[in-house]
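What follows is a set of notes on a single structure, which appears directly below.
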Amino acid sequence: IAIIAAGFTPAEADRLRRAMAGFRRPGTIEKFRAKLIEGMIARGYEADFAERCFRQIEGFGEYGFPESHAASFALLAYASAWMKCHYPAAFAAALLNSQPMGFYAPAQIVGDARAHGVEVRPIDVNASDWDCTLEESPAGPALRLGLRQVRGLSAADAAKLVAARGTGYATLRDPPARAGISFAALATLARADACRSLGLDRRRALWDIRLLRAPPPPLFAYAGADFGANAPPPDAPAEDAADLPAMTIGEEVLQDYAVFDLSLKRHPLALLRPRLAAADFVAAAKLAILPAASRARAAGLVLVRQRPGTASGVIFATLEDETGIVNLIVWPKVFARHRRAVLESRLLGVSGRLQRQGPVLHLIAGRLEDLSGLLVELASPAGAPSRPLAAISDALPDGRNFR
């Protein structure tokens, strides 16, 4: 109508389209009224018809756009719910293979899949493809995490590893020799604890890779020997095996988060729960059974922070602990008092009041505190000084995605 019947230029028609989509800003379409009606009359249309056309456009702008949006979203939500109900492993794999994709972090997707009975298997040099895949198990399809989850591993190195795998790698020497991947890529896989099928835990694998990368023996010890590019001479004197201390579960969990943003071993807050319970922090699952308007304290990893343009400065955050999630509302005045904790915390503690609307529960924040320092202690053996295995800033999601 705008271009053909009223003589709008393409740019003017596009501005009208945008005004129709701006259903939250009433009155915007009114700016186009005179031009649309006068343009139609000039091209032979009756004034009454032109007026009715404008009223239809105006009505669509206030109702039609959100209606069409709601219809399409309803279809998408129904299809997603059906897939999640009947094929939860495939649904989780598809979400992980589509990352990054907004609100849902890999840890959330994997945690939800496990809560609904899906077996999730770790990344492994002999089992994982680039994408997350499904494997047979007695209880139904199991989800195998893919190499794409490993931070720092390129798709090219992953493709080489998978293409040369054949019936499997037997030792750490095989991936560099057969697949041609670098020792740096192999070390990245070791840090991801992906060498368990080779009989090596994370620490032992990293130690053995260091030995593989060691320089050849002294200059004349093996004169004339062909050492090759990726391995020391087969008769090189072996270095005494080091008695490596076992990593604590806290070290393992933090390293998992540092490398692929989740852990199948434990949730960080499960390890911290005794400390948190002593400070009266309640787990998310227990919050759900408290009466509305109760005062409560909760703590969790910050997954998402949102500040919608239509929320008048209110911040909505999602916290996660080992039992579930906590939906947090931070009013502007509270945010002003606790700005740094809200914006910078990886582990956030909240004191506030519960608000219940049907099955939906929110915690209205009154006081917030940065508890991220507790995460550092997970990487320290009992009784030792706090010593992070990896920088906490890299180890856990920061949730710093305002929308």
Seminar exercise, completed: When (1) out of contact with any Leu (no Cβ under 6 Å at 6 or more places or on another chain); (2) open to solvent by 30 Å² or more (accessible area, probe 1.4 Å) are applied to residue 338, the one that fails is (1)
Problem set entry | Elements of type helices (runs of 4 or more DSSP H) in the stretch 24-136, at least 1 residues being over 30 Å from residue 9 (Cα atoms) and at pLDDT 90 or above | 65-86, 88-97, 106-115
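Which residues, taken from the stretch 5-20, are of a type in the set (A, V, I, L, M) and assigned to a loop (DSSP other than H, G, I, E, B)? Break it down into steps so the answer makes sense when it comes.
Of the residues in the stretch 5-20, the ones of a type in the set (A, V, I, L, M) are 5-6, 11, 13, 16, 19-20.
5, 6, listed by residue number.
Taking the stretch 133-154, which residues are under 19 Å from the mean Cα position of the chain (by Cα) and open to solvent by 10 Å² or more (accessible area, probe 1.4 Å)?
133, 144, 148, 149, 151, 152, 153, 154
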Seminar exercise, completed: Listed by first then second residue, the pairs whose first member lies in the stretch 102-114 and is farther than 14 Å from residue 90 by Cα, whose partner is at pLDDT 90 or above and part of a helix (DSSP H, G or I), with beta carbons under 7 Å and at least 6 positions apart or on separate chains, are 104/95; 106/96; 106/149
Problem set entry | Test set (1) closer than 15 Å to residue 355 by Cα; (2) open to solvent by less than 60 Å² (accessible area, probe 1.4 Å); (3) not charged (D, E, K, R) - residue 293 fails condition number | (2)
Exercise. Do any residues in the stretch 164-180 that are within 13 Å of residue 124 (Cβ to Cβ) have Cβ atoms under 8 Å from those of residues that are assigned to a loop (DSSP other than H, G, I, E, B) and among the hydrophobic types (A, V, I, L, M, F, W, C), where the two are at least six apart or on different chains, and which pairs are they?
Worked result: 165/125; 169/125; 175/125; 175/164; 175/181
Seminar exercise, completed: So, first residue closer than 12 Å to residue 4 by Cα in the stretch 38-51, second residue open to solvent by 100 Å² or more (accessible area, probe 1.4 Å), Cβ within less than 9 Å, six or more apart or across chains; the pairs are 40/1; 40/46; 43/4
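Looking at residue 196, is it at pLDDT 95 or above, within 17 Å of residue 252 (Cα to Cα) and open to solvent by 10 Å² or more (accessible area, probe 1.4 Å)? Before the answer, list the steps.
Details: at pLDDT 95 or above: yes; within 17 Å of residue 252 (Cα to Cα): yes; open to solvent by 10 Å² or more (accessible area, probe 1.4 Å): yes.
Answer is yes for this residue.
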For this session: Could you give me the residue pairs with C-beta distances under 9 Å whose first residue belongs to the stretch 337-359 and is touching a residue at least 24 places away in the same chain (Cβ under 8 Å) and farther than 30 Å from residue 258 by Cβ, whose second residue is surrounded by fewer than 17 Cβ atoms within 10 Å (Cβ to Cβ) and among the polar types (S, T, N, Q) wherever it lies, and which are 6+ apart or on separate chains?
Result: 353/294; 354/294
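Would you be able to say whether some residue in the stretch 249-261 is open to solvent by 30 Å² or more (accessible area, probe 1.4 Å) and either closer than 17 Å to residue 103 by Cβ or touching a residue at least 60 places away in the same chain (Cβ under 8 Å) (or both)? Write out each step before concluding.
Our first condition is that a residue be open to solvent by 30 Å² or more (accessible area, probe 1.4 Å); within the stretch 249-261, this holds for 249, 261.
Imposing the further condition that a residue be either closer than 17 Å to residue 103 by Cβ or touching a residue at least 60 places away in the same chain (Cβ under 8 Å) (or both) reduces the set to 261.
For the stretch 249-261, residues open to solvent by 30 Å² or more (accessible area, probe 1.4 Å) and either closer than 17 Å to residue 103 by Cβ or touching a residue at least 60 places away in the same chain (Cβ under 8 Å) (or both): present.
Within the stretch 310-335, can you find the residues that are open to solvent by 60 Å² or more (accessible area, probe 1.4 Å) and either free of Cβ contacts under 8 Å to residues at least 24 places away in the same chain or touching a Phe, Trp or Tyr at 6+ places or on another chain (Cβ under 8 Å) (or both)?
Narrowing the stretch 310-335 to residues open to solvent by 60 Å² or more (accessible area, probe 1.4 Å): 310, 312, 316, 322-323, 325, 331, 333.
The answer is 312, 316, 333.
Please pick out the residue among 258, 277 that is over 21 Å from residue 353 (Cβ atoms), out of contact with any Gly (no Cβ under 7 Å at 6 or more places or on another chain) and not aromatic (Phe, Trp, Tyr). Full working, then the answer.
Details: 277 fails: over 21 Å from residue 353 (Cβ atoms).
Only one candidate qualifies: 258.
The values are calculated or read from the model by the stated rules, or taken from the named source; none is laboratory data. Quick caveat: nothing in here was measured; it's all calculated off a predicted structure. Glycine gets a Cβ as well: all are built from the backbone with ideal geometry, and neighbour counts include every protein chain shown. What goes into the accessible areas is simple: the full protein's heavy atoms, side chains included, and nothing from ligands, DNA or RNA. Shrake-Rupley method; radii C 1.70, N 1.55, O 1.52, S 1.80 Å.
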